[in-house]
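The values are calculated or read from the model by the stated rules, or taken from the named source; none is laboratory data. None of these values were measured; they are calculated from a predicted model. As a convention, Cβ positions derive from the backbone with ideal geometry for all residues, glycine included, and neighbour counts pool all protein chains shown. The accessibility values were calculated without ligands, DNA or RNA, using every heavy atom of the protein model including side chains. Shrake-Rupley method; radii C 1.70, N 1.55, O 1.52, S 1.80 Å.
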Amino acid sequence: MKYYNSEIETMPIEELRALQNTRLSSLVKRVYNNVPFYKNQFDSIGLNPNDIQSVEDLHKIPFTKKTDLRDNYPYKMFATPMEDIRRIHASSGTTGKPTVVGYTQNDLNVFDEVIARSLVCAGAQPEMKLHNAYGYGLFTGGLGIHGGATKLGMAVIPVSGGMTERQLTILEDFAPEVICCTPSYAQTLSEAFAKRGFDTKKLSLKYAILGAEPWTDAIREQVETGLNVTATNIYGLSEIIGPGVSQEDFEEKGTGCYIWEDHFYPEVVDRETGKPLPYGEEGVLVLTTLKKEAFPVLRYWTNDICSINYDKNAKRTHIKMSPIKGRADDMLIIRGVNLFHTQVEEVIHQIDSLSPNYRLIVEKKGVMDTVTVEVETIKGILLENPDLIKDITKRIKNSIGLSMKVDLKMPNSMPMSEGGKFKRIIDKRKL
Ligand code: ADP
């Protein structure tokens, strides 16, 4: 099985555009009539729902931001009556009070559909077993992946996060071919197997589908070797649907994640001016849900930094997004230089004696902001190692333009993820 839904996944762009336009114009009318927030937003700038006929008109609509959702907490953004709601989720609240989202049965069907597509795109097949280590609960990851995998016809093992020792036993004994979890938890599992001295080639695992936090090839390589899998990226956010907004193909690794464009219309805009940017340029990802019923959003400002572009050599026609560099509000400004932790991760990746277990400690010393990179070495590397430290410092300075202090740590000495999103930045200026 090459596609889950080949008709949609390989639909010619013009047809996809026509479908998006039809869905968009009906969506705009629906939200205008059912969500007071959107009615007020349109009325206040004299915008009529009939002014939006195609995705070309989208720029006329203001952005919807997380603060708008918080102002309408918990249910005022819902576009359907409560009697039609079949599930309620909330964002994990990484950056504050959670936002509450709802799903009708049709929305849950859409969720299942985009997850099923994503799983196949990642290499999964109906006869396989899925070790689902995303958290079950209000977080959309666990139940979202669960529903899509069931729809695909996989056998789901609903492990959820945490209890790492038990997870190793399940991976060994239940013999799943696919695992879903955060990239930092995949690192934890891989290191726990190494500690046990267990040869992961004996596992049945073939594919790892990793998401919910930013990660780079440094972690991909560690996880692929450590768990003996092909690892791909899955992206999503509860405000749009949950995971499954986009997914990387297992045979097209490193070329970005397909955004399922029949459901989620993407734009990338300048983070300062909000002006739409051309394909290939980096900015804030803005998404419009084309078919959602209970919790539709127009031009949702995800705050995630990436670029989007079409890939003519790809299997599918849908647009691809680059890996997320970080959230706009996770961007550190250090002595006037913009910094995402993933940039440091990329440098670490070039150095063989380092493991991708790292975090950045940001402090204020006098008037100066300082960054210390705490990073684990691999086995057998001395911590008192001026040459290595000099090499890392120089590479960071050359590629990022900042001087950072480097603090080498013993293998397996740093805090590890227990299944959730791992905090890579400790900003002591904010404590
Ligand atoms: P919260 O915003 O409270 O963390 P969610 O659980 O909905 O709520 O998380 C969505 C966010 O997680 C996204 O906006 C993005 O910042 C991050 N995220 C999800 N998947 C990925 C991914 N594959 N790569 C990078 N970041 C991701």
Item checked: Translational diffusion of segment 78-175, µm² s⁻¹ [Kirkwood Rh, Cα pairs; Stokes-Einstein; 4 °C; 1.567 mPa s] -> 88
Item checked: Among 170-182, 38-50, the order from most to least packed when residues are scored by Cβ within 10 Å on average -> 170-182, 38-50
Notebook entry, point to check: Using θ = phi - 60° and the Karplus form 6.51 cos²θ - 1.76 cosθ + 1.60, what ³J(HN,Hα) does each residue of segment 322-333 get, whole Hz, x for Gly and Pro?
Noted result: 6, x, 5, 6, x, 8, 3, 7, 8, 6, 8, 10
Next item on the list: Evaluate the distance, in nm, between pseudo-label points positioned 7 Å from the Cα of F198 and of I333 along their respective Cα→Cβ axes.
Entry: 4.7
Checklist line | For peptides 16-28, 226-238, 337-349, sequence by mean Cβ density within 10 Å, most packed first | finding: 226-238, 337-349, 16-28
Next item on the list: Report in % the part of the accessible area of segment 178-322 that belongs to carbon and sulfur, leaving out ligands and nucleic acids; probe 1.4 Å.
Entry: 45
Next item on the list: Report the label-to-label distance for Y279 and K29 in nanometres (one decimal), using points 7 Å from each Cα along the Cα→Cβ vector.
Entry: 3.1
Next item on the list: Before rounding to the nearest 500, sum -39500 (n - 2.57) across all DSSP H runs of length at least 4 in the chain and divide by the residue total; then give [θ] at 222 nm in deg cm²/dmol.
Entry: -9500 deg cm²/dmol
Notebook entry, point to check: How far is it, in nm, from the label point at I426 to the one at Q125 when both lie 7 Å from their Cα along the line to the Cβ?
Noted result: 4.6
Next item on the list: Note down the relative contact order for the chain as a percent, whole number, built from C-alpha pairs under 8 angstrom at least six residues apart.
Entry: 14
Check: Just for the Cα atoms in segment 320-431, what are the lengths along the principal axes, largest first, rounded to whole Å?
Finding: 38, 36, 32
Next item on the list: Taking only protein heavy atoms into account and a 1.4 Å probe, give the accessible area per residue of the chain in Å².
Entry: 42
Checklist line | Contour minus Cα-Cα distance for Y75 and Y310 (0.36 nm per residue) | finding: 81.0 nm
Check: Quick one: putting +1 on the C-beta of Lys and Arg, -1 on the C-beta of Asp and Glu, what dipole do you get for the chain around its Cα centre, in Debye to the nearest 20?
Finding: 940
Next item on the list: With N set to the residue count of segment 150-290, report its C-alpha Rg divided by 2.2 N^0.38 Å to two decimal places.
Entry: 1.19
Check: Which whole-angstrom value gives the distance between the alpha carbon centres of segment 134-187 and segment 30-71?
Finding: 37
Next item on the list: Would you mind computing the Rg to Rh ratio of the chain from its alpha-carbon coordinates, Kirkwood style for Rh?
Entry: 0.97
Checklist line | Rg over Rh, two decimals, segment 1-155 (C-alpha only, Kirkwood Rh) | finding: 1.01
Notebook entry, point to check: Where a Cα-Cα gap under 30 Å defines reach, which lysines qualify for K364, not counting those fewer than 8 residues away within the same chain?
Noted result: K66, K97, K325, K390, K394, K397, K405, K409, K421, K423, K428, K430
Item checked: Dipole of segment 332-430, positive direction: furthest Cα of P415, T372, S353, with charges on the beta-carbon -> T372
Item checked: segment 252-395: mean projected area of Cα convex hull, nm² -> 12.4
Next item on the list: Set Lys and Arg Cβ to +1 and Asp and Glu Cβ to -1, take the dipole of segment 1-327 about its Cα centre, and tell me which of G144, M128, A79 lies farthest positive.
Entry: A79
Item checked: Dipole moment magnitude, nearest 20 debye, segment 291-425 about Cα centre, only Lys, Arg, Asp, Glu C-beta charged -> 580
Next item on the list: Rounded to the nearest 0.05, what FRET efficiency do S353 and E251 give with R0 = 22 Å and r taken as the Cβ-Cβ distance? Could you check?
Entry: 0.10
Next item on the list: Post the alpha-carbon centroid distance, segment 248-322 to segment 365-431, in whole angstrom.
Entry: 31
Note to self: Show me, for segment 417-427, the HN-Hα J-couplings you get by feeding each phi into the Karplus relation (A = 6.51, B = -1.76, C = 1.60, θ = phi - 60°), rounded to Hz, glycine and proline as x.
What the structure shows: 6, 10, x, x, 7, 8, 7, 8, 10, 10, 9
Check: How much of the accessible area of segment 332-430, in percent, comes from carbon and sulfur atoms when a 1.4 Å probe is used?
Finding: 53
Notebook entry, point to check: Expressed as a rounded percentage, what relative contact order does segment 281-431 have, with Cα pairs under 8 Å and six or more residues apart?
Noted result: 17
